[in-house]
Amino acid sequence: MQILQQVPNGYLLIKGFADKETIRELFLKSADELGISQDRLRFLPNDLHEETHRANLGIADIVLDTYPYNGATTTLETLWMGIPLVTRVGEQFAARNSYTFMKNAGISQGIAWSDEEYVQWGIKLGLDKNLREEVRYQLRQSRHTSPLWNAKKFTIDMEKAYEQIWQNHHDD
């Protein structure tokens, strides 16, 4: 909500369990308490159709990752679609997925190490269209250069790792 307070033309699209009344009430109450108009909150139900999911992602200027359980498939889809992402890095594996994907895509903009930095990145990317376009460009370029998107190289590297593990085991 702090990001919405600072990004005047922004709105928050909440999807997944957003069709549950208790979730809606929680978000609406929080918005009211902070003086944020309820029409800046949009709620989408869970939809299992891939086309709808991608269309919903495609309307976003930025995606705010969840914490402490980061995205995984949705993060990869977001990055592949060239949408800037804000993620909060945590200590546990589940809180480091998006960070790992972003680093492997060559993106550092949007990686936050604290709650405060998460809000700062959300505001910065929400307000700065040029920065968003720069990140979008970097993400498009990463499709050709990043190991994240190179399945062949990944497979070769994984095979080498397996061979090394086998060799280490065999040598012991």
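The values are calculated or read from the model by the stated rules, or taken from the named source; none is laboratory data. Source: prediction; values computed, not measured. When we count neighbours, we look across all protein chains shown, and the Cβ atoms used for this are built from the backbone with ideal geometry, even at glycine.
Structure data summary
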{"item": "Lone qualifier among I156, I165 - being among the hydrophobic types (A, V, I, L, M, F, W, C), part of a helix (DSSP H, G or I) and within 24 Å of T73 (Cβ to Cβ)", "result": "I156"}
{"item": "Complete set of residues in region 157-172 that are of a type in the set (D, E) and either closer than 20 Å to S146 by Cβ or in contact with an Asp or Glu (Cβ under 6 Å, 6 or more places away or on another chain) (or both)", "result": "D157, E159"}
{"item": "Those residues of region 61-75 which are free of Cβ contacts under 8 Å to residues at least 40 places away in the same chain and either assigned to a helix (DSSP H, G or I) or buried (at least 18 other Cβ atoms within 10 Å of the Cβ) (or both), in sequence order", "result": "V63, D65, N70, G71, T73, T74, T75"}
{"item": "Qualifying residue in region 114-131 (condition: of a type in the set (G, A, S), in a helix (DSSP H, G or I) and under 15 Å from K15 (Cα atoms))", "result": "no"}
{"item": "Tally of residues being closer than 18 Å to R42 by Cβ and outside any loop (DSSP other than H, G, I, E, B) across region 76-85", "result": "1"}
{"item": "Which numbered condition T100 fails, given (1) closer than 24 Å to R143 by Cβ; (2) touching a residue at least 12 places away in the same chain (Cβ under 8 Å); (3) surrounded by 13 or more Cβ atoms within 10 Å (Cβ to Cβ)", "result": "(2)"}
{"item": "Of all residues making up region 97-108, the number that are out of contact with any strand residue (DSSP E or B) (no Cβ under 9 Å at 6 or more places or on another chain) and not in a helix (DSSP H, G or I)", "result": "3"}
{"item": "Odd one out for A94, checked against (1) at positive phi; (2) part of a helix (DSSP H, G or I)", "result": "(1)"}
{"item": "Which listed residue is over 14 Å from the mean Cα position of the chain (by Cα) and over 24 Å from Q5 (Cα atoms), from E91, E133, E116", "result": "E91"}
{"item": "Residues being surrounded by 13 or more Cβ atoms within 10 Å (Cβ to Cβ) and either modelled with pLDDT of 90 or more or part of a helix (DSSP H, G or I) (or both) - total across region 133-153", "result": "11"}
{"item": "Qualifying residues in region 1-55 (those that are at pLDDT below 90 and part of a loop (DSSP other than H, G, I, E, B)) - the one surrounded by the fewest Cβ atoms within 10 Å (Cβ to Cβ)", "result": "L48"}
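The rows are residues; the columns are (1) without any contact (Cβ under 8 Å) to a residue 40 or more places away in the chain; (2) in contact with a Ser or Thr (Cβ under 8 Å, 6 or more places away or on another chain); (3) among the hydroxyl-bearing types (S, T, Y); (4) farther than 18 Å from P84 by Cα.
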site: Q2; (1), (2), (3), (4): no, no, no, yes
site: Y11; (1), (2), (3), (4): yes, no, yes, no
site: I23; (1), (2), (3), (4): yes, no, no, yes
site: A31; (1), (2), (3), (4): yes, yes, no, yes
site: P45; (1), (2), (3), (4): yes, no, no, yes
site: N56; (1), (2), (3), (4): no, no, no, no
